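Trainee: Right, I'll just put the structure down here and ask away after.
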Amino acid sequence: MNERHNFAHEWKLAGGNTGVLLLLLGWSSDAMPRRYGRSAAAERARQIQTQLGIGEKV
């Protein structure tokens, strides 16, 4: 994972706003954060599900 992929992933994982990410990295559309964040999206989804615990109590 390159630096931009990692930064976008960590940003989103920490709950960071996509609009602010656009400003920080100088991007003009949300296509770039989607591209750079996609590679770790499944990991974020698993971590969020674990934090929320939804499905654990069924």
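A short reminder: the numbers here are calculations on the coordinates, not readings from a lab. The model shown is predicted, which means the values in this text are computed figures rather than measured ones. Glycine gets a Cβ as well: all are built from the backbone with ideal geometry, and neighbour counts include every protein chain shown.
Trainee: Work out, in µm²/s and without decimals, the Stokes-Einstein translational diffusion coefficient of region 3-52 at 37 °C, 0.692 mPa s, Rh from Kirkwood over C-alpha pairs.
Mentor: It comes out at roughly 301 µm²/s.
Trainee: Using helices alone, I'd like the mean residue ellipticity at 222 nm for the chain: each DSSP H run of four-plus residues gives -39500 (n - 2.57), total over residue count, nearest 500.
Mentor: One gets -19500 deg cm²/dmol as the mean residue ellipticity at 222 nm.
Trainee: Using +1 at the C-beta of Lys and Arg and -1 at the C-beta of Asp and Glu, which of 27, 55, 13 has the Cα lying farthest in the positive direction of the dipole of the chain?
Mentor: 55
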